[in-house]
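Taking it in order: structure first as structure tokens, then the write-up.
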Amino acid sequence: PAPAPLLELREARAAYDAITVLHGVDLTVAGGQVVALLGPNGAGKTTTLKVAAGVHPVSGGRLLLGGRDVTGVDPKDLARKGVCLIPEGRGVFPNLSVRDNLLMMTFTGRSRSEIEEIAFTRFPILGKRAHQLAGTMSGGEQQMLALARGLATDPAVLMLDELSMGLAPLIVGRLYDQVAEIARQGVAVLVVEQFAAAVLDIADHAAVLVRGRIEKQGHPDSLRHELAELYLGSS
Ligand code: ATP
């Protein structure tokens, strides 16, 4: 049986002022699943995540969490219900140490030691770098720290925007292996990428967004050809 949907966008529309950028997006992510949302620059991928996190309002359609309508619910209430967005650029504090970046997450009610255990168990390198300023680490390590900060919130839904940005393919592959592992523990994972290869290897389902519309969705393998054409055509 298919796992129950955790995060659902139904016919979601969104606009910036008078300009509509999402024209009715349908997307479902179940616990334990990695869903990849792919598409060219400006397609509306980041806006889709912002809508799902409640930080950008829908101008039509609905947002559901665990089957409940949460359209219009405050982002901080969605965060309390386990919705976590790791933004493009990672959102770590470059002038704070790794440890301090993690300790800020005690706002979640978790203790320092719990948070460090979560972080250092999944990413041992962060333990070794605990006293280093985050901004002096490699891009891959900073992305690990961003993921660790997200995990500290005990997310039910984890959303990642352009995790691969500026990273070597080998590093991206390793990070996505960790993301797949996180999903395997029951988290619903929604990943946005402009270029797809690495995430298609771990995604259970993929959707292609073009100009605010889902052009196609299905098994990642069924979309490889489509994506190749899209990128060759748009470059
Ligand atoms: P990218 O890969 O470049 O981040 P994207 O697929 O994530 O692209 P969005 O960032 O969601 O796309 O942008 C969708 C559209 O909305 C684009 O046309 C963009 O110019 C526009 N847009 C995004 N943010 C704003 C904003 N704050 N104000 C006005 N228009 C915006």
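The values are calculated or read from the model by the stated rules, or taken from the named source; none is laboratory data. Because the structure is a prediction, the values reported are computed rather than measured. Cβ coordinates were reconstructed from backbone atoms using ideal geometry, including for glycine residues, and neighbour counts include every protein chain displayed.
With closer than 28 Å to Val35 by Cβ, more than 16 Å from the ligand (Cβ to nearest atom), surrounded by fewer than 18 Cβ atoms within 10 Å (Cβ to Cβ) and among the aliphatic types (A, V, I, L, M) as the only criterion, which of Ile118, Ile125 stands out? Steps first, answer last, please.
Details: Ile118 fails: surrounded by fewer than 18 Cβ atoms within 10 Å (Cβ to Cβ).
Among Ile118, Ile125, only Ile125 is closer than 28 Å to Val35 by Cβ, more than 16 Å from the ligand (Cβ to nearest atom), surrounded by fewer than 18 Cβ atoms within 10 Å (Cβ to Cβ) and among the aliphatic types (A, V, I, L, M).
Determine which member of the set Leu190, Leu167 is within 16 Å of the ligand (Cβ to nearest atom), aliphatic (A, V, I, L, M) and buried (at least 22 other Cβ atoms within 10 Å of the Cβ). Please lay out each step first, then the result.
On the way: Leu167 fails: buried (at least 22 other Cβ atoms within 10 Å of the Cβ).
Exactly one residue qualifies, and that residue is Leu190.
I want to confirm something. Restricting to region 9-41 and keeping residues that are near the ligand (Cβ under 6 Å from one of its atoms) and over 20 Å from Leu200 (Cα atoms), which single residue is surrounded by the fewest Cβ atoms within 10 Å (Cβ to Cβ)?
Selected residue: Tyr16.
Can you pull out the residues in region 43-96 that are among the basic types (Lys, Arg), out of contact with any strand residue (DSSP E or B) (no Cβ under 6 Å at 6 or more places or on another chain) and within 15 Å of the ligand (Cβ to nearest atom)?
Once the filter is applied, which keeps residues that are among the basic types (Lys, Arg), out of contact with any strand residue (DSSP E or B) (no Cβ under 6 Å at 6 or more places or on another chain) and within 15 Å of the ligand (Cβ to nearest atom), region 43-96 yields Lys50, Arg90.
Going through Ile86, Ile19 one at a time, which residue ends up being within 17 Å of the chain's Cα centre (by Cα) and either aliphatic (A, V, I, L, M) or at pLDDT below 95 (or both)? Write out each step before concluding.
Details: Ile19 fails: within 17 Å of the chain's Cα centre (by Cα).
The match here is Ile86.
Where the second residue is part of a strand (DSSP E or B) and surrounded by 20 or more Cβ atoms within 10 Å (Cβ to Cβ) and the first is free of Cβ contacts under 8 Å to residues at least 12 places away in the same chain and lies in region 73-97, which pairs have Cβ atoms under 7 Å and are six or more apart or on separate chains?
Close Cβ pairs satisfying both conditions: none exist.
Would it be correct to say that Ala207 is in contact (Cβ under 8 Å) with a residue 60 or more places away in the chain, surrounded by 15 or more Cβ atoms within 10 Å (Cβ to Cβ) and among the aliphatic types (A, V, I, L, M)?
Working: in contact (Cβ under 8 Å) with a residue 60 or more places away in the chain: yes; surrounded by 15 or more Cβ atoms within 10 Å (Cβ to Cβ): yes; among the aliphatic types (A, V, I, L, M): yes.
For Ala207, the condition - in contact (Cβ under 8 Å) with a residue 60 or more places away in the chain, surrounded by 15 or more Cβ atoms within 10 Å (Cβ to Cβ) and among the aliphatic types (A, V, I, L, M) - is met.
Restricting to helices (runs of 4 or more DSSP H) lying wholly in region 156-235: which have 1 or more residues that are more than 22 Å from Val25 (Cα to Cα) and touching a helix residue (DSSP H, G or I) at 6+ places or on another chain (Cβ under 6 Å)? Even if it seems obvious, please write down each step before you answer.
Values: elements: 169-184, 197-202, 220-234.
Hits in region 156-235: 169-184, 197-202.
Restricting region 137-155 to residues that are in contact (Cβ under 8 Å) with a residue 40 or more places away in the chain, more than 18 Å from Val29 (Cα to Cα) and part of a helix (DSSP H, G or I), which is farthest from the ligand (Cβ to nearest atom)? Steps first, answer last, please.
Of region 137-155, the ones in contact (Cβ under 8 Å) with a residue 40 or more places away in the chain are 142-143, 145-150, 152-155.
Restricting the remaining residues to those that are more than 18 Å from Val29 (Cα to Cα) gives 142-143, 145-149, 152-153.
Filter once more, so that each one left must be part of a helix (DSSP H, G or I): 142-143, 145-149.
On the way: Gln142: 19, Gln143: 17, Leu145: 22, Ala146: 17, Leu147: 19, Ala148: 24, Arg149: 21 Å.
Filtering region 137-155 for residues that are in contact (Cβ under 8 Å) with a residue 40 or more places away in the chain, more than 18 Å from Val29 (Cα to Cα) and part of a helix (DSSP H, G or I), the one farthest from the ligand (Cβ to nearest atom) comes out as Ala148.
Looking at Asp161, Asp221, which is the one that is over 24 Å from Gly67 (Cβ atoms) and at pLDDT 90 or above? Before the answer, list the steps.
On the way: Asp221 fails: at pLDDT 90 or above.
One residue alone meets the criteria, Asp161.
Here are the criteria: (1) away from the ligand (no atom under 16 Å from the Cβ); (2) of a type in the set (D, E, K, R); (3) at pLDDT 95 or above. Tell me which single one Asp201 does not satisfy.
All conditions are met except number (3).
Within region 128-145, can you find the residues that are surrounded by fewer than 21 Cβ atoms within 10 Å (Cβ to Cβ) and within 22 Å of the chain's Cα centre (by Cα)?
Gly135, Met137, Ser138, Gly139, Gly140, Glu141
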